[in-house]
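Presented below is the structure to which this report refers.
The values are calculated or read from the model by the stated rules, or taken from the named source; none is laboratory data. Predicted model, so just to flag it, every value in this text is computed and none were measured. FYI the Cβ positions are ideal-geometry reconstructions off the backbone, even for glycines, and counts take in every protein chain you see. Just so you know, the surface numbers come from the protein's heavy atoms only, side chains and all, with ligands and any DNA or RNA stripped out. Shrake-Rupley method; radii C 1.70, N 1.55, O 1.52, S 1.80 Å.
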Amino acid sequence: STISVAASGMEVKKEFSTLSDEEFFEAINHIKKATSYLSNTIDDFRNFFNQKREHSIININRVVEKALDLMGDSFIKNKIQVIKNIEDLEFLSLENELIQVLMNVFSNAKDVLKSISKEDKYIFIDISKKDEFIIIDIKDNAGGIKDDIIDKVFEPYFTTKHKFKGTGIGLYMSKLLVEKHLKGIIGVKNCEFPHIDKPHMGALFKIVLPIQSVN
């Protein structure tokens, strides 16, 4: 989707002779980043059940930025503000798997916010260290998940989207990646919270990852 949007945007601007060199190289760079990420993702899933995975030292701020960058300008187009409160943390983990998990949660929040009509749309990313764990909280203000389905969102093939728009495996795969490869836990609940002196309601996805020392 990211590649298609970038390519289509260039095509339209070229037809109207409005494609600048800066926009061209920016789009090409974005496509190259996306294809590189996809290539790594294919390798990851090819070796999905291989338990001997190579861990590397990752910086959580850079991981989040990579995930957001791969989302393209979908947040801007849907007038969604991303608010980050992230500690500068480095630890041993599997970068590409964590990027995949974050993108799935971001994409889920984006799709829900996209479907509702409200003026202020937010995704909050709060990441901190507590004891020997990295705590990743991602929440939106889309109103929350209905009580009768919140316990099913991590089930395979469960989706609230139209059958042509969703497969229902994004959050399921995220749960597998977190639990089997990142050795953490992931869960979701509805929460109420204030922002700019206004009450908000939305879904809160919490990811807890054990810290492996970089030393």
task: Over the chain, with every protein chain in place, what whole percent of the accessible area is carbon and sulfur at 1.4 Å, could you tell me?
output: 52
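Using only alpha carbon pairs under 8 Å that are at least six residues apart, calculate the relative contact order of the stretch 1-131 and give it in whole percent.
Working: 115 pairs, mean separation 35.3, N = 131.
This gives 27 percent for the stretch 1-131.
Looking at the chain only, what percent of DSSP beta bridges run antiparallel? Nearest 5 please. Before the final figure, lay out each step's value.
On the way: 30 of 37 bridges.
Percent antiparallel among DSSP bridges in the chain is about 80.
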query: Between LYS189 and ILE116, what is the spin-label point distance in nm, taking each point 7 Å from the Cα along the Cα→C-beta axis?
result: 1.9
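Listed here are the pairs LYS33/LYS129; LYS79/LYS146; LYS14/LYS84; LYS33/LYS77; LYS77/LYS198; which of them are more than 27 Å apart at the Cα?
Details: LYS33/LYS129 29 Å; LYS79/LYS146 24 Å; LYS14/LYS84 35 Å; LYS33/LYS77 20 Å; LYS77/LYS198 24 Å.
Going by Cα-Cα distance, LYS33/LYS129; LYS14/LYS84 fall outside the 27 Å limit.
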- prompt: Accessible surface of VAL82 in the full protein assembly, 1.4 angstrom probe, to the nearest 10 Å²?
  reply: 50
query: Given that just one value was derived from the coordinates, which of (1) 27, 24, 18; (2) 30, 21, 20; (3) 58, 26, 12 is semi-axes √(5λ) of the Cα gyration tensor in Å?
result: (1)
- prompt: Hey, can you rank 5-13, 175-183 by average C-beta count inside 10 Å, highest first?
  reply: 175-183, 5-13
task: State the extension gain, in nm to one decimal, for the chain segment bounded by ILE135 and HIS55, taking 0.36 nm per residue of separation less the distance between their alpha-carbons.
output: 26.9 nm
message: Could you compute the net charge surrounding LEU113? Neighbours are other residues with a C-beta less than 11 Å from the C-beta of LEU113; K and R count +1, D and E count -1.
response: +2
field: For the chain, calculated [θ]222 nm from helices alone, where every DSSP H run of n ≥ 4 adds -39500 (n - 2.57)
entry: -12000 deg cm²/dmol
field: Paramagnetic reach from LEU38 (point 7 Å along Cα→Cβ, amide N under 12 Å) across the stretch 1-23
entry: 1-7
statement: Taking a straight Cα-to-Cα line shorter than 14 Å from LYS66, and setting aside same-chain aspartates and glutamates fewer than 8 residues away, one finds GLU95, GLU97
